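Please read the structure below before turning to the comments.
The values are calculated or read from the model by the stated rules, or taken from the named source; none is laboratory data. Nothing here was measured: the structure is a model prediction, and the numbers come from that model. Neighbour counts run over all protein chains shown; Cβ positions are idealised from the backbone, glycine included.
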């Protein structure tokens, strides 16, 4: 029916690997997409060297936003916080392997925005974080 | 008369999407499509008549003023208003409500005064009052919505004991499709001494509305949801109220006299129409009124009631689908629903691939969605040009959506 809904996206939406909360998280942030009311919370746990040892997300969203959150968190485990600061829009699009309209891009980038706000320990997130 | 036979009046409905998919437009609650005569009326204005109104002596200025004012008269007549000076051109329903909040609200509301809204309101009938609350410390209360998606009239009764200064509610819900008992609410509110504002954005396009009979003090609606262009809407107000209110925006057209000392406001309705108005849009609006009148609002209403009940029954048969709002007999052609395990954005995106246009999200009613405890919904909304085939296409589309996710 549509290339957008590739199997990998449906799979991560229906059976996300990293859904939940981390009780003693080192970094955490929550935000929403005002356009649709979707919201997402991300928790990260790191070791003494600031390497991510666990990452979880919670919240509600469409297949694109949930799948991108799950794929993103899958990719950050084992990486250093400093490394994550370099993540951008293209990394998400590469993970999803699809083209997106500007409206749906916001769904796809919500988790990256939340992750960046978490690791920079910001009070408010901004679209500029996902450039 | 309506449905199948008038599809050819709407050029856009002949187009296809994604190569060969016929457009199935089910988003008329957001904005309606425009018939050829509305498009041509505006085109003719720019080709033949374009000139500013209420200013010039020349032929074109006189003609455009005449056409502009004739539109106002036909719009007044369409909603049962005899005196067209009570019909003010605004940008849209939202601006009409803001005008009341800024002008009437500023003048008449004091700290602690109650403004009564409903839980099903569109943001445009909530935020202006929240903005006024920040300035004037008024109280904003909400009439409850029942589990059937209707207004709790017992709750209204108990809230009226607070002696609200204003009761402001939507005639027809843009999410639930509920047709509110407007006349009954206006009467009870008046008995409690309140002024009443009715948001008619979803009612005037779809059913016969007689504002005089309804006895509303203010009534607002938009052209673009009723076959007319964007950028123009109406605020109706009772003459005495409009006379006593201060102007909304200052500028040309709204003044009688300006000196180095001050200004004197113009007569109604111009007092509330500052600056060059949307002339082509008013003329297009007039053409839309003529078009709807030629078909008859009773016939349009009957057609949509039939469609709504056909859609209600068909949608009810889809597994995991839940329709928001009242039963088929107590609603209009706005059907919002949730589908288990599939997000509205994904539904709308997949339906779009089939050429079907629906809306996904909170439809500018976040508080109502909070109340229903859902983040978003999918909305299929119908109008005079929709047919049972469109509903069948929607159902087929939804079955494909379910297939993708299974």
Unique match (being out of contact with any strand residue (DSSP E or B) (no Cβ under 7 Å at 6 or more places or on another chain) and modelled with pLDDT of 95 or more) among A:71, A:129, A:122: A:71
Filter pass, residue B:268 being touching a residue at least 60 places away in the same chain (Cβ under 8 Å) and either out of contact with any helix residue (DSSP H, G or I) (no Cβ under 8 Å at 6 or more places or on another chain) or outside the structural domain of residue B:149 (by TED's automatic domain parsing) (or both): no
Test: residue in the stretch B:39-46 that is closer than 30 Å to residue B:353 by Cβ and either surrounded by fewer than 19 Cβ atoms within 10 Å (Cβ to Cβ) or not assigned by TED's automatic domain parsing to the domain that holds residue B:286 (or both): yes
Residue satisfying condition, being over 19 Å from residue A:11 (Cα atoms) and either surrounded by 14 or more Cβ atoms within 10 Å (Cβ to Cβ) or touching a strand residue (DSSP E or B) at 6+ places or on another chain (Cβ under 6 Å) (or both), within set A:115, A:100: A:115
Filtered residues of the stretch A:28-47 (kept if at pLDDT below 95 and surrounded by fewer than 16 Cβ atoms within 10 Å (Cβ to Cβ)): A:34, A:35
Which numbered condition residue B:30 fails, given (1) out of contact with any strand residue (DSSP E or B) (no Cβ under 7 Å at 6 or more places or on another chain); (2) part of a loop (DSSP other than H, G, I, E, B): (1)
Single residue of the stretch B:364-406 satisfying the filter (part of a loop (DSSP other than H, G, I, E, B) and surrounded by fewer than 24 Cβ atoms within 10 Å (Cβ to Cβ)) that is farthest from the other protein chains (Cβ to nearest Cβ): B:387
Yes/no for residue B:294 being closer than 27 Å to residue B:67 by Cα and either without any contact (Cβ under 8 Å) to a residue 12 or more places away in the chain or not assigned by TED's automatic domain parsing to the domain that holds residue B:175 (or both): yes
Selection from the stretch B:321-356 of residues that are free of Cβ contacts under 8 Å to residues at least 24 places away in the same chain, away from chain A (no Cβ under 14 Å) and in contact with a helix residue (DSSP H, G or I) (Cβ under 8 Å, 6 or more places away or on another chain): B:323, B:328, B:329
Residue match in the stretch B:12-19 (condition: in contact with a helix residue (DSSP H, G or I) (Cβ under 8 Å, 6 or more places away or on another chain), in the same structural domain as residue B:205 (by TED's automatic domain parsing) and buried (at least 16 other Cβ atoms within 10 Å of the Cβ)): no
Failed item in (1) within 14 Å of chain B (Cβ to nearest Cβ); (2) in contact with a strand residue (DSSP E or B) (Cβ under 7 Å, 6 or more places away or on another chain); (3) in contact (Cβ under 8 Å) with a residue 60 or more places away in the chain, with residue A:61 passing the rest: (3)
Scan of the stretch B:33-69 for residues that are part of a loop (DSSP other than H, G, I, E, B) and touching a strand residue (DSSP E or B) at 6+ places or on another chain (Cβ under 9 Å), ordered by number: B:33
Failed criterion for residue B:267 (all others in (1) surrounded by 23 or more Cβ atoms within 10 Å (Cβ to Cβ); (2) not in a strand (DSSP E or B) hold): (1)
Elements of type helices (runs of 4 or more DSSP H) contained in the stretch A:1-118, each with 2 or more residues being over 30 Å from residue B:18 (Cα atoms): A:63-76, A:81-84
Strands (runs of 3 or more DSSP E) contained entirely in the stretch B:172-260, each with at least 1 residues that are closer than 23 Å to residue B:113 by Cα and touching a strand residue (DSSP E or B) at 6+ places or on another chain (Cβ under 6 Å): B:195-199, B:218-222, B:233-237
